[in-house]
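Taking it in order: structure first as C-alpha cells, then the write-up.
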Amino acid sequence: MQVIAVIPVRWQSTRFPGKPLADLLGKSLIQRTYENAKQATLIDRLVVATDDKRIFDHVQAFGGEVYMTSPECVNGTERVAEVIETHFPDADYVLNVQGDEPCLNPLTLDRLIKKMEGTPEARVTTPITKIEDPEHIFGPSAVKCVFDRFGKALYFSRAPIPFPRKVDQIHDYYRHIGIYCFRGPFLLEYVKMPTSRLQSIEDLEQLKILEAGHAIYVEEVAEEGIGVDTPEDLTRVIPILKIRDENLVPSLQASGARSSTLTTGSQ
C-alpha cells in the first residue's frame with residue numbers, strides 16, 4: 001500500500017500574501033507544516049505542490065520534496081490531484097494536508113489512514129472536533145458537520161447544524177478540520193466532477209462528494225489546531241509551536257516515527 005501526502009501551497013492569499021514563507025521561530029510556515037506532517041508514521045512520501053518558483057526554491061533549500069504544478073489549478077485539491085496523476089499514479093491513499101496548519105497533531109493524519117483502512121465503503125476520511133467556543137457554532141468561518149452513528153458524514157454547513165430549535169436544549173456541535181484522506185483513484189475521479197448545487201450555495205468543496213452519492217467518513221479528534229489565515233494568527237501559534245518543539249516531536253520520534261531521507265522532486 002502506497003500512502004502519499006501532498007501539501008498544496010500558493011503564494012497569493014487575499015488576507016496574507018506570501019504566507020507560506022512567513023517566519024515562525026526561525027522557520028517558514030511551510031517548513032513548519034512540512035516538518036510537522038513528516039512526524040506521521042504511516043505516510044510513505046510527503047511532498048509540496050506549488051505553482052510559485054519562490055516557494056519551490058525555498059522547499060528545496062530546506063530539503064523538502066516539491067513539485068511544480070500548473071497555474072491553471074483552481075484550488076488545492078486540483079493541485080494535489082495533478083501531482084498524484086503525474087508522479088504517483090499508483091497511490092492507494094492520498095492525504096491533502098493544508099499548508100497553513102503547522103500545529104495539527106501529526107497523529108491525526110495516521111488516524112485518517114487507519115479510518116480508511118477500516119472502512120471499505122469510504123472514499124474520503126476527514127477529521128472533526130467538538131466545538132467548545134459557542135461563538136464558533138454560529139460563525140460561518142467554522143464549518144459544522146453532522147454524521148450518522150456509523151461515522152458517515154450526512155452534511156457540512158456554515159450554518160449551525162443541527163439547528164437548536166429549542167434554545168434550552170444543549171447539543172454537541174462539531175467543526176470540520178479541512179484535512180482529507182482520499183482513495184487514490186477516487187481523487188482523480190473527484191476533481192473531474194462538475195461543481196454541484198450545494199457546493200455552490202455553501203461554498204464547500206466537499207459537498208460535491210456527498211451530492212454525488214459518495215461516502216465521507218469522519219474521525220473525531222480532541223484538538224482543533226490553529227490555522228494561519230492572517231498575520232495576526234502567527235502570534236497565536238508560536239506558543240503551541242514552542243510546546244511542540246519541546247515535547248511532541250521528540251516523543252513521536254522516540255515512538256518510532258519514520259525518518260526516511262528526503263529527496264527533491266523535479267519541475
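Readers should treat all values here as calculations from the given coordinates under stated rules, not as data from a laboratory. Quantities reported herein were computed from a predicted structural model and do not represent experimental measurements. Backbone-built Cβ (ideal geometry, glycine too); neighbour counts: all protein chains shown.
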Exactly which GluC sites (Glu not before Pro) in region 37-130 are in a DSSP loop and have at most 14 other Cβ atoms within 10 Å? E72, E121
Between helix 76-87 and the chain, what is the angle of the helix's C-alpha long axis to the longest principal axis, kept within 0 to 90° and rounded to the nearest 10? 50
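Taking square-rooted eigenvalues a ≥ b ≥ c of the alpha carbon gyration tensor, is region 42-182 rounded, prolate or oblate, where a/c under 1.5 means rounded and, failing that, a/b exceeding b/c means prolate? Show your work: numbers first, answer last.
Values: a/c = 2.42, a/b = 1.80, b/c = 1.35.
Prolate, because a/c is 1.5 or more and a/b exceeds b/c.
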How high is the relative contact order of the chain, given as a whole-number percent (alpha carbon pairs under 8 Å, six or more residues apart)? 24
Which order results if M193, M116 are arranged by neighbouring Cβ count within 10 Å, fewest first? M193, M116
Considering the zone a paramagnetic label at A159 would reach in this model (a point 7 Å from Cα along the Cα-to-Cβ line), which residues of region 175-213 have amide N under 15 Å from it? 198-204
Considering only DSSP beta bridges with both partners in the chain, what is the antiparallel share in %, to the nearest 5? 50
Hey, what do the phi angles of region 173-186 turn into as Karplus ³J(HN,Hα) couplings, whole Hz, using 6.51/-1.76/1.60 and θ = phi - 60°, x for Gly and Pro? 10, 10, 9, 7, 9, x, 10, 10, 10, 9, 6, x, x, 5
Applied in sequence order to region 55-62, the curve 6.51 cos²θ - 1.76 cosθ + 1.60 (Karplus, θ = phi - 60°) yields integer Hz couplings, x standing for Gly and Pro, of 5, 4, 5, 5, 5, 4, 5, 8
Subset of K115/K152; K38/K242; K130/K208; K144/K242; K19/K192; K27/K53 violating a 20 Å alpha-carbon distance limit: K130/K208; K144/K242; K19/K192
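Order of 230-243, 96-109 by packing, highest average Cβ count within 10 Å first? Mind dumping the intermediate values first?
Working: 230-243: 13.6, 96-109: 23.2.
Per-residue mean Cβ counts within 10 Å order the peptides as 96-109, 230-243.
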Least to most buried among C181, C145, by other C-beta atoms within 10 Å and fewest first, runs C145, C181
How fast does region 94-251 diffuse by Stokes-Einstein, in µm²/s, taking the Kirkwood radius from C-alpha pairs at 25 °C and 0.890 mPa s? 146
Region 78-185: relative contact order in percent, alpha carbon pairs under 8 Å with at least 6 residues between: 37
q = 0.14 Å⁻¹: log10 I(q)/I(0) that the Debye formula gives for region 135-209, counting C-alpha atoms only: -0.53
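If Lys and Arg each add +1 and Asp and Glu each add -1, what is the summed charge of the other residues whose beta carbon sits under 11 Å from the beta carbon of I4? Intermediate results must be reported in sequence, preceding the final value.
Numbers: positive: R45; negative: D44, E65, D90, D92.
Spelling it out: positives minus negatives among the neighbours equals -3.
With a ≥ b ≥ c the root eigenvalues of the C-alpha gyration tensor of region 1-55, is it rounded (a/c under 1.5), prolate (a/b larger than b/c) or oblate? Present the calculation step by step, with values, prior to reporting the outcome.
Numbers: a/c = 2.92, a/b = 1.64, b/c = 1.78.
Oblate, since a/c reaches 1.5 and b/c is not below a/b.
Taking 0.36 nm per residue of separation and subtracting the Cα-Cα distance, what length does fully extending E72 through M193 add?
Working: separation 121, 0.36 × 121 = 43.56 nm, distance 1.65 nm.
Stretched out fully, the E72 to M193 stretch lengthens by 41.9 nm.
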May I ask for the distance between the Cα centers of region 109-128 and region 78-105, given as a whole number of Å? 15
Which of (1) 16.1; (2) 14.4; (3) 12.7 is the computed mean projected area of the Cα convex hull in nm² for the structure on display? (2)
By the Cα gyration tensor axes a ≥ b ≥ c (a/c under 1.5 gives rounded; else a/b larger than b/c gives prolate, otherwise oblate), the shape of region 59-119 is oblate
Looking at region 126-220, which trypsin sites (Lys or Arg not before Pro) are DSSP coil and have at most 15 other C-beta atoms within 10 Å of their C-beta? R149, R165, K166, K192
For the chain, calculated [θ]222 nm from helices alone, where every DSSP H run of n ≥ 4 adds -39500 (n - 2.57): -8500 deg cm²/dmol
